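Reading through the structure tokens given below for one structure.
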Amino acid sequence: MITFILNNNLIKTEAPAGMSLLNFIRNEAGLKGTKSGCKEGDCGACTVLEGMLHNGKVIYKTIVSCLTPLGNAHGKHIVTIEGLNTDDLTPVQQEIVSNAGTQCGFCTPGFVVSLTGYSLGKQAGLKPAAIASVAGNICRCTGYKSIEKAAFKVADLLKDKNRDNDIAWLSEHHFIPEYFKTIAERLSAIGQRDHATAQPDMIVGGGTDLMVQKPGEVKVSALNLTKDIPHLNRIVQRGNKIIMGGSVTVNDLLGSKPLTTAFPKLKTWFKLVSSEQIRNTATLAGNFVNASPIGDMSILFLALEASLTLLTTLGEKRTIQLKDFFLDYKKLDLSEGEIIETIEFELPGKHHFVNFEKVSKRLHLDIASVNSAINVQVKGQTILSASLAAGGIAPVPKYFEKTSDFLTDKPLTMQTLTDAEAVMQEEVSPIGDVRGTVLYKRLLLRQLFFAHFMEMFPKVFTPDVVLPVLKA
Ligand SMILES: Cc1cc2nc3c(=O)[nH]c(=O)nc-3n(C[C@H](O)[C@H](O)[C@H](O)COP(=O)(O)OP(=O)(O)OC[C@H]3O[C@@H](n4cnc5c(N)ncnc54)[C@H](O)[C@@H]3O)c2cc1C
Ligand code: FES
Ligand code: FES
């Protein structure tokens with residue numbers, strides 16, 4: 001039985017856990033305000049709020065309902081556009097209308113839900129965050145300027161939001177209906193779902209990959225829904241070590257103090273990973289196991305020399321280096337039913353420098369043509385250690401063993417980088433595909449390699465030093 005609150009109603013359903021939440025909302029609950037657009041997580045027309053109880057408080061996030069398996073709604077508050085409506089327009093709806101932010105109206109429920117999600121979040125009142133909150137919503141009519149104006153007005157209206165008691169404040173200011181105040185208590189009355197089916201056919205995390213690739217199979221399979229298993233959602237620091245559960249999402253990483261302290265540019269890097277809705281849902285384990293050669297998390301954690309702890313179906317654990325996990329195209333060192341329980345890595349020390357770069361055809365909401373991450377330890381003018389990874393240039397997310405070894409114990413000079421680049425190019429043989437020809441990918445790899453060092457050591461590798469070599 002899947003139990004959750006949909007808007008102001010308690011739902012108890014025997015519908016398949018692998019049915020999409022979107023289909024449940026539109027076809028079972030008969031709520032047609034949530035639109036079905038691309039069904040691939042790209043357009044945001046199906047955006048809903050997902051509220052989850054955390055230490056007695058309901059934390060709301062935006063998710064795409066088309067890629068959310070119904071089973072992942074268990075124990076949560078799901079809010080569609082109908083669940084935001086009151087007798088008058090909410091301030092978000094009013095600003096969209098006043099600024100001519102709607103024409104045909106197909107995208108509008110999604111934009112309203114995303115901006116309401118923003119109003120419920122910690123960044124409410126900040127204008128860049130208002131725009132970022134709708135980065136996963138597409139509108140083919142308005143040209144976006146009017147929506148941008150509406151988003152800025154909403155940000156102005158939220159400047160004085162009471163952050164300690166935001167549900168009460170937002171309800172008082174008509175951003176959300178009164179019933180939101182009752183949700184925390186009502187959610188606490190819903191128990192945990194039995195996570196593992198006796199003999200599950202399929203492990204599902206956020207579903208952002210599986211619900212695109214195999215929606216039919218997910219719908220009819222017995223599922224092991226790992227997304228909300230509490231111990232898989234934690235990020236723990238033990239000394240210098242970070243231990244993350246397999247179901248930690250991209251936005252969980254951004255909310256982690258040890259991680260944002262160790263990597264001050266994490267937010268800038270992850271701005272290039274999908275959209276707010278997908279970052280709220282996509283798990284690390286899902287990113288590794290979908291084994292895409294351009295998986296952004298795979299590349300970053302390869303460079304951080306992460307290891308995985310896997311739990312077998314017999315309850316036994318084994319540990320493996322992430323770089324040994326990827327065997328060949330979509331082939332992994334992972335047995336049937338094995339779960340990625342944790343991902344661990346050492347926090348970079350004092351003399352470590354880490355960088356991530358991604359180039360895609362479109363800056364936002366696009367997968368990489370080539371991406372790369374590096375972790376170097378430099379003392380004085382010497383590279384003491386290096387770990388380099390890149391995606392889009394091999395059948396697997398690639399760890400550059402030889403190039404990393406080559407860089408070790410070398411002086412931090414342009415000559416070292418030039419020689420290392422030659423080793424790096426030897427270490428791969430990319431194939432051409434829709435994201436670029438072989439030559440283009442090699443060129444991108446080279447640019448990203450030098451970009452890492454310009455970013456990490458801007459005083460050593462100035463454009464005057466690097467550009468003549470790149471042009472040569
Ligand atoms: C619109 C959109 C944009 C995207 N943009 C990006 C992007 O910018 N960068 C990027 O890297 N990726 C991107 N992705 C790809 C994908 O969403 C991510 O790779 C995501 O991390 C997959 O995680 P998930 O939990 O949703 O996976 P799921 O779909 O739940 O699962 C994927 C695979 O992982 C397995 N799995 C899940 N959890 C576990 C576990 N704990 N143990 C063992 N196996 C497990 C599943 O069985 C399945 O085989 C995008 C996807 C969409 C739809
Ligand atoms: S229908 Fe397009 S993101 Fe869900
Ligand atoms: S108003 Fe038509 S798609 Fe946005």
- prompt: What ³J(HN,Hα) values, in whole Hz, does the Karplus curve 6.51 cos²θ - 1.76 cosθ + 1.60 give for region 117-134 when θ = phi - 60°, with x put for Gly and Pro?
  reply: x, 4, 5, 7, x, 5, 8, 3, x, 8, 5, x, 5, 5, 5, 4, 5, 10
statement: Going residue by residue through region 81-89, the Karplus relation 6.51 cos²θ - 1.76 cosθ + 1.60 with θ = phi - 60° gives ³J(HN,Hα) values, rounded to whole Hz and with x marking Gly or Pro, of 4, 5, x, 9, 5, 10, 4, 9, 5
query: Amide H to amide H, which residues 5 or more places from Leu31 or on other chains are under 5 Å from it, using H placed in the peptide plane?
result: Arg26
Convex hull volume per residue for the chain, taking Cα atoms only, in Å³: 156
statement: Phi angles of region 342-351, converted by Karplus (6.51 cos²θ - 1.76 cosθ + 1.60, θ = phi - 60°) into ³J(HN,Hα) in whole Hz with x for Gly and Pro, give 9, 10, 10, 7, 7, 5, x, x, 4, 9
Cleavage-rule hits (GluC sites (Glu not before Pro)) in region 250-330: DSSP loop, at most 10 neighbouring Cβ within 10 angstrom: Glu316
message: Just want the ordering: Arg238, Arg186, Arg318, Arg26, from fewest to most Cβ atoms lying within 10 Å of their own Cβ.
response: Arg238, Arg318, Arg186, Arg26
- prompt: Quick one: Cα convex hull volume of region 126-179, Å³ per residue?
  reply: 102
- prompt: Rounded to two decimals, what ratio of Rg to Rh does region 54-120 give with C-alpha atoms and a Kirkwood Rh?
  reply: 1.00
- prompt: In what order do Ser114, Ser387 fall by count of nearby beta-carbon atoms within 10 Å, going from fewest to most?
  reply: Ser387, Ser114
field: Expected 222 nm ellipticity per residue - DSSP helices of 4 or more, -39500 (n - 2.57), all of the chain, to 500
entry: -8500 deg cm²/dmol
- request: Check cross-link reach from Lys361 to the lysines: straight Cα distance under 18 Å, and skip same-chain residues fewer than eight apart.
  value: Lys271, Lys441
query: What nm distance separates the two modelled labels at Glu40 and Met52, each placed 7 Å from Cα along Cα→Cβ?
result: 2.7
field: Against the rule of thumb 2.2 N^0.38 Å, how large the Cα Rg of region 83-192 comes out
entry: 1.09
message: Based only on other Cβ atoms within 10 Å, what is the fewest-to-most ordering of Leu467, Leu322?
response: Leu467, Leu322
- prompt: For region 225-346, what number results from the quotient of the Cα radius of gyration and 2.2 N^0.38 Å?
  reply: 1.00
- prompt: Once region 356-471 is represented by equal point scatterers at the alpha-carbon sites, with solvent omitted, what log10 I(q)/I(0) does the Debye formula produce at q = 0.22, 0.23 Å⁻¹?
  reply: -1.30, -1.39
- line: region 181-313: antiparallel bridges as % of DSSP beta bridges, rounded to 5, reads 65
field: Distance violations [Cα-Cα > 27 Å] among Lys265/Lys323; Lys317/Lys350; Lys35/Lys159; Lys57/Lys214
entry: Lys317/Lys350; Lys35/Lys159; Lys57/Lys214
message: Give the separation of the Cα centroids, region 335-379 to region 171-192, in Å.
response: 38
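Only the coordinates and a few stated rules stand behind these numbers; no lab work does. A quick note: this is a predicted structure, and the numbers were derived from the prediction, not measured. FYI the Cβ positions are ideal-geometry reconstructions off the backbone, even for glycines, and counts take in every protein chain you see.
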